[in-house]
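Just so it is clear, none of the values below were taken in a lab; they were calculated from the coordinates. Since the structure is predicted, the reported quantities are computational estimates derived from the model, not experimental observations. Here the Cβ is made from the backbone with ideal geometry for all residues, glycine too, and neighbour counts use every protein chain on show.
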Amino acid sequence: MKQVFLIAAHKDPAQLNALVERLRDEDFLIYVHLDAKGAIQPAEVHPGARLVGQRVAVHWGCFSQVEATLNSLAQIVAEVPEFDKLLFLSAQDFPLLSNAALKSALAALRGHELLDTAPIGRGPGQWAAAYRYQYFYRPDAGPALRLACSLANRAMRACGLTRRMPNGLQPHGGSSWWALSRDCVRDVLARIRREPGLLRFFRSVSCADELFFQTLVMNSRFRERVLSENFRYVQWPQRGARNPKILDEHDFERIAASNAHFCRKIDSRTSAALLQRLEALRAG
C-alpha cells in the first residue's frame, strides 16, 4: 500500500531535497507545499517530489498553516486514489528508519490514526490551552480587524464571556505533525465542506494548526482509531517555548533510544555532526 508524505517547506532547498531523496521509494509518494513567502523556488525542488499547486503564505500562529495543509490534502486526495497514510512532515524533519523499516512500522500501525492529542481543559491529562479559542486572534489581518478583535476581547473579559467551539465540538489539541489515513483525511475535507462555519471560527484561533485536526478527528467516527502518538522525537528547550530546540550531536543518544520514526528540528549547519550519526543509524 502506498504511503504519502506531505512536506511543508519554506527555506534551505538543499535540506528539503536531501529529505526527498532519503524518502524516495516506489511505495512512497512525496508532495511539497512551498510557503508562498518562502525562499525556495519551485524549480529548485527535487524532481522526485510533486508540488502543491495552491500555495499559501504561512505565518506562525495563524490559520494560514491550516489553510496550506487543507489545500495540500485536497490535491492529494484528488490525485491519489489509494494510499494507507498521509504523513505530514516539516522540511526540518529527519527519518530515523530506513525506508524498508518505515514501511514495516507503518504496516504494523495500519488501522490507527497517528495523532498526538489531548482534551483541552484543566483536569488531569488535559491541556490548559482553552484561551487559544476563547478569544479572537487575527495577527495576520489588517489594522481595522486587529483593532476589532482587541476591542471584542476586552469587552468579553469585562463581561466574563468566552467563545465556545462551534457545533458542540469538544476541543482537543496537540502537535501539528501527524499521520492520518486516506479515509480520515477525506472525512475532514467533507466535514469542512458541510460545515463552512468551522473554517470561519478557526480563522481567529491562536495556533489553530495545533487544535484544528485534533478537534475534528476526535469529534468524528475515527476517534476510536486514534493512537495518541505521532512517533516524532522533539525537544522543547523550556516550558512554554515558542519553538522546539534545534537538535545537535549531544541529542543523539536520546534520539536513538526513542521509538520515533522522525526527529525534528534539524538545521543543516547546527545539526551537521548529528546528521552524520543519524545517517549511520538509519543505515542500520
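Cross-linked pairs K103/K245; K85/K265; K11/K245; K103/K265; K37/K265: Cα-Cα separations exceed 25 Å for K103/K245. In percent, rounded to a whole number, the relative contact order of the stretch 210-284 is 29, using alpha-carbon pairs under 8 Å and six or more apart. Overall, the anisotropy analysis places the stretch 148-284 in the oblate class: the square-rooted eigenvalues a ≥ b ≥ c of its C-alpha gyration tensor yield a/c not less than 1.5, with a/b not exceeding b/c. Annotation: amide H-H contacts under 5 Å for Y135 (H modelled 1.01 Å from N, sequence separation of 5 or more, or interchain): R163.
Shown is the FRET efficiency for Y131 and E195, computed with R0 = 25 Å from the Cβ-Cβ distance and rounded to the nearest 0.05: 0.60. Of the residues A129, A91, A257, the one that moves most in a GNM of the chain with alpha-carbon contacts below 10 Å is A257. Note down the net charge around G48, summing +1 for each Lys or Arg and -1 for each Asp or Glu among other residues with Cβ under 12 Å from its Cβ. Net charge in that neighbourhood comes out at 0.
Note on the stretch 109-175: dipole from Cβ charges, positive end direction compared against N167, I120, P139; the farthest Cα belongs to P139. Look at the alpha carbon pairs under 8 Å that are at least 6 residues apart: their mean separation over the length of the stretch 140-284 gives a relative contact order of 18 percent.
Rounded to the nearest Hz, the phi-derived 3J(HN,Hα) couplings of the stretch 210-220 under the Karplus curve 6.51 cos²θ - 1.76 cosθ + 1.60 (θ = phi - 60°) are 9, 10, 4, 5, 4, 5, 5, 5, 6, 10, 9, where x marks glycine and proline. Extension gain, R221 to R157, is 19.5 nm, computed as 0.36 nm per intervening residue step minus the present C-alpha separation. Within the chain, the longest segment free of exposed loop sites, counting GluC sites (Glu not before Pro) that fall outside DSSP classes H, G, I, E and B and have at most 13 other Cβ atoms within 10 Å, spans 83-284.
Quote to one decimal, in nm, the extra length available between A141 and Q170 on full extension: 0.36 nm per residue of separation minus the C-alpha distance between them. Please report the intermediate quantities before stating the final value.
Numbers: separation 29, 0.36 × 29 = 10.44 nm, distance 2.71 nm.
Here the segment from A141 to Q170 would lengthen by 7.7 nm.
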